[in-house]
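K.L.:
A single structure is presented below for examination.
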There are 2 protein chains.
Amino acid sequence: MSKRILVVGSTALDSVETSSGRVDDALGGSAFFFSSAASLLAPVGLVGVVGGDFPRDEIHFLTERGVDMEGLETVPGGLTFRWGGRYHENMNERTTLFTHLNVFQDFNPYIPPSQRDVPVLFLANIQPRLQLHVLEQLTAPELVIMDTMNLWIELSRDELLQVIRTGILIVNDEESRLLTGVSGPLQGARLLQRMGPHTVIVKKGEHGALMLGAEGRLFSVPAWPLDRVVDPTGAGDTFAGGFVGSLARDGAWGWPELCRAMAWGSAMASFCVEDFSVNRLRTMDLGQARERFDGFRALTTIPA
Amino acid sequence: MSKRILVVGSTALDSVETSSGRVDDALGGSAFFFSSAASLLAPVGLVGVVGGDFPRDEIHFLTERGVDMEGLETVPGGLTFRWGGRYHENMNERTTLFTHLNVFQDFNPYIPPSQRDVPVLFLANIQPRLQLHVLEQLTAPELVIMDTMNLWIELSRDELLQVIRTGILIVNDEESRLLTGVSGPLQGARLLQRMGPHTVIVKKGEHGALMLGAEGRLFSVPAWPLDRVVDPTGAGDTFAGGFVGSLARDGAWGWPELCRAMAWGSAMASFCVEDFSVNRLRTMDLGQARERFDGFRALTTIPA
């Protein structure tokens with residue numbers, strides 16, 4: 001039985017340049033990438049903030065997929081968070097060209113009363129103090145999954161360590177290294193697990209992701225082999241969208257569900273990078289996602 | 001029904017320094033690493049050359065596993081090939097301290113008559129001209145698997161392209177990039193396949209390996225997650241040993257066998273890096289290897 005998801009995160013307009021081309025003021029931010037994927041699998045409510053300049057038409061497809069936008073605050077006269085970046089040829093490194101926080105600077109997430117009893121919470125990458133503030137407003141979340149970024153590891157480590165205790169932690173390999181001081185994904189995951197989360201996922205970009213669960217259980221999922229990556233922006237949040245969406249759809253998070261969710265995460269992320277912004281996630285449907293999920297079985301199952 | 005394997009490659013003494021320690025004049029070279037793994041799975045014959053200084057006791061464990069050493073030539077008064085290297089902290093980069101080819105410089109592989117009808121041939125990394133010379137001596141190999149290295153890609157490209165046509169090509173991501181000019185493993189594998197081999201495997205070190213087969217079929221295997229890598233030397237040859245050993249044991253190389261062989265390759269490679277030289281491969285047995293192979297199923301199988 002499908003459970004509802006609440007996502008709290010950034011909602012932005014991205015200007016991105018890669019070897020494949022560029023976009024300006026395209027839909028971006030962790031909450032939009034997450035919702036684009038998760039909404040194909042389970043009901044999603046979104047909490048974020050945009051300015052009066054935000055092109056509402058751009059998220060019409062999310063509303064059509066049933067994403068509850070009651071929690072998307074609009075600051076009239078304010079400007080939406082804007083980020084600009086340029087990827088290097090190899091797509092693994094990028095240069096941030098600008099970060100205009102705008103209305104996101106004063107973001108103070110308010111959870112609408114109708115969503116405070118949500119069972120599944122995804123705390124996307126926002127300031128740890130705000131993540132704690134979100135947790136305080138929920139009545140009884142059954143599962144909390146969280147993400148973070150290097151900025152908060154450096155600036156707000158203590159508050160971050162308070163949030164980390166809750167549930168499932170998703171980080172990338174660089175964040176794992178910054179948090180633990182070790183570079184191996186397994187070593188990192190083990191140290192992170194000691195900080196409190198029962199399950200730790202270390203994303204490794206084009207190399208897939210590793211999950212460490214209770215009793216030292218391990219699961220590995222590759223990234224979908226692609227001939228061409230157009231834009232890696234948002235892949236991590238989209239992975240989280242597929243992962244959390246799958247758990248919410250199953251309404252359970254035992255080890256089999258967690259492993260399946262890893263494959264859904266990687267499947268969704270692979271669509272994300274095939275185009276700029278949420279363009280591919282916007283046009284795809286559940287049938288296509290399921291086909292790629294099945295493709296993962298063929299790609300990874302060791303024949304008997 | 002198990003088929004016999006012939007491996008032709010380097011047989012050396014390595015001096016290696018990593019953050020875990022160092023060894024001097026320890027068993028090394030592609031043929032020894034390969035045989036250490038493959039001999040746990042199928043009968044192996046080895047062709048290589050050593051000097052009069054070679055410590056024959058060191059390969060007693062291979063003879064005990066039934067490796068046929070008739071083709072291991074000894075040059076009396078000559079010195080064995082020696083390589084020295086130091087790994088950087090992250091284990092991904094290394095500095096070659098010395099390469100003394102010694103008797104390997106004039107290596108001219110002679111296949112003993114008793115082994116010319118061998119069905120499975122592994123051409124480890126030696127000069128492409130010599131690889132061709134080995135092929136000429138065999139009567140009717142059913143399956144040829146080959147490896148190479150950046151040196152030959154740069155120095156002997158034309159001859160290399162002649163050998164590549166034969167069967168299965170195993171390269172690492174750097175070699176793939178040098179051969180094709182593209183850095184993505186999938187793109188690289190597709191271009192390599194057009195050069196002739198029906199199956200291409202791109203090894204990605206700590207990130208596992210990707211296989212591209214007939215009709216564009218893909219299979220991905222991760223590296224076994226390890227808390228600590230002691231010495232990565234020989235991991236690629238050991239992967240090949242597990243891979244080819246598994247195919248020879250099955251006596252078949254359809255897609256299911258190829259996928260299983262990938263997991264055996266990765267399983268064997270994970271033992272290799274747990275200690276210096278062939279030390280771990282020397283002490284392990286098939287039961288332990290099988291246990292890790294089963295571990296791969298748990299690590300990668302997406303639950304129904």
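The values are calculated or read from the model by the stated rules, or taken from the named source; none is laboratory data. Keep in mind the model is a prediction, meaning the values are calculated, not measured. Heads up, the Cβs are rebuilt from the backbone with ideal geometry, glycines too, and the neighbour counts pull from every protein chain shown.
K.L.:
Please find, among A:Arg217, A:Arg194, A:Arg190, the residue that is at pLDDT 95 or above and within 30 Å of A:Asn90 (Cβ to Cβ).
P.N.:
Among A:Arg217, A:Arg194, A:Arg190, only A:Arg190 is at pLDDT 95 or above and within 30 Å of A:Asn90 (Cβ to Cβ).
K.L.:
Among the residues in the stretch A:229-245, are any more than 13 Å from the chain's Cα centre (by Cα) and facing another protein chain (nearest Cβ under 10 Å)?
P.N.:
The answer is yes, given that some residue of the stretch A:229-245 is more than 13 Å from the chain's Cα centre (by Cα) and facing another protein chain (nearest Cβ under 10 Å).
K.L.:
Here are some residues: B:Val273, B:Val278. Which one is modelled with pLDDT of 95 or more, within 13 Å of another protein chain (Cβ to nearest Cβ) and within 24 Å of B:Asp57 (Cα to Cα)?
P.N.:
Sole residue among the options that is modelled with pLDDT of 95 or more, within 13 Å of another protein chain (Cβ to nearest Cβ) and within 24 Å of B:Asp57 (Cα to Cα): B:Val273.
K.L.:
Would you check if there is a residue in the stretch A:123-138 being free of Cβ contacts under 8 Å to residues at least 60 places away in the same chain and either more than 23 Å from A:Leu6 (Cβ to Cβ) or touching a strand residue (DSSP E or B) at 6+ places or on another chain (Cβ under 8 Å) (or both)?
P.N.:
Yes - at least one qualifying residue is present in the stretch A:123-138.
K.L.:
Here is a further query. Kindly establish whether A:Ile164 is away from chain B (no Cβ under 14 Å), farther than 17 Å from A:Phe239 by Cβ and within 16 Å of the chain's Cα centre (by Cα).
P.N.:
Against the criterion (away from chain B (no Cβ under 14 Å), farther than 17 Å from A:Phe239 by Cβ and within 16 Å of the chain's Cα centre (by Cα)), A:Ile164 qualifies.
K.L.:
Could you list, in sequence order, the residues of the stretch B:218-252 that are outside any helix (DSSP H, G or I), in contact with a helix residue (DSSP H, G or I) (Cβ under 8 Å, 6 or more places away or on another chain) and among the aliphatic types (A, V, I, L, M)?
P.N.:
B:Leu218, B:Val221, B:Ala223, B:Leu226, B:Val229
K.L.:
Does at least one position in the stretch B:268-275 carry a residue that is in a loop (DSSP other than H, G, I, E, B) and in contact with a Leu (Cβ under 6 Å, 6 or more places away or on another chain)?
P.N.:
No, the conditions are met nowhere in the stretch B:268-275.
K.L.:
Same structure again: Quick check: is even one residue across the stretch A:83-92 more than 14 Å from chain B (Cβ to nearest Cβ) and under 12 Å from A:Ser10 (Cα atoms)?
P.N.:
yes
K.L.:
From the residues in the stretch B:185-222 that are more than 9 Å from chain A (Cβ to nearest Cβ), within 20 Å of the chain's Cα centre (by Cα) and of a type in the set (A, V, I, L, M, F, W, C), which one is farthest from B:Ser277 (Cα to Cα)?
P.N.:
B:Leu192
K.L.:
Take the residues of the stretch B:84-142 that are touching a Lys or Arg at 6+ places or on another chain (Cβ under 7 Å) and in a helix (DSSP H, G or I): which is nearest to B:Arg165 (Cα to Cα)?
P.N.:
Looking at the filtered set, the residue picked out is B:Gln137.
K.L.:
Restricting the search to the stretch A:79-128, which residues are surrounded by fewer than 14 Cβ atoms within 10 Å (Cβ to Cβ), within 21 Å of A:Leu155 (Cα to Cα) and either among the basic types (Lys, Arg) or touching a helix residue (DSSP H, G or I) at 6+ places or on another chain (Cβ under 8 Å) (or both)?
P.N.:
Selection gives A:Asn108 alone.
K.L.:
I'm told B:Leu151 meets every condition in (1) part of a helix (DSSP H, G or I); (2) surrounded by 16 or more Cβ atoms within 10 Å (Cβ to Cβ); (3) not hydroxyl-bearing (Ser, Thr, Tyr) except one. Can you identify the failing condition by its number?
P.N.:
Evaluating B:Leu151 over (1) part of a helix (DSSP H, G or I); (2) surrounded by 16 or more Cβ atoms within 10 Å (Cβ to Cβ); (3) not hydroxyl-bearing (Ser, Thr, Tyr) leaves (2) as the failure.
K.L.:
Next question. Does the stretch B:50-66 contain any residue that is modelled with pLDDT of 95 or more and closer than 22 Å to B:Thr148 by Cα?
P.N.:
Yes, the conditions are met somewhere in the stretch B:50-66.
K.L.:
While we're here: Across the stretch B:190-217, what is the number of residues that are on the phi < 0 side of the Ramachandran plot and either touching a strand residue (DSSP E or B) at 6+ places or on another chain (Cβ under 6 Å) or part of a helix (DSSP H, G or I) (or both)?
P.N.:
19
K.L.:
Hey, can you tell me all the residues within the stretch B:253-267 that are in a helix (DSSP H, G or I) and either more than 9 Å from chain A (Cβ to nearest Cβ) or of a type outside the set (D, E, K, R) (or both)?
P.N.:
B:Trp255, B:Pro256, B:Leu258, B:Cys259, B:Ala261, B:Met262, B:Ala263, B:Trp264, B:Gly265, B:Ser266, B:Ala267
K.L.:
Give the residue, chosen from B:Ser270, B:Ser246, that is crowded, with 23+ Cβ neighbours inside 10 Å and within 30 Å of B:Ser19 (Cα to Cα).
P.N.:
B:Ser270
Condition check ((1) within 15 Å of A:Asn125 (Cβ to Cβ); (2) without any contact (Cβ under 8 Å) to a residue 24 or more places away in the chain) across all residues:
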| position | (1), (2) |
| --- | --- |
| A:Leu169 | yes, no |
| A:Glu174 | yes, no |
| A:Arg177 | no, yes |
| A:Val182 | no, yes |
| A:Leu192 | no, no |
| A:Pro197 | no, no |
| A:Val200 | no, no |
| A:Gly205 | no, no |
| A:Ala209 | no, no |
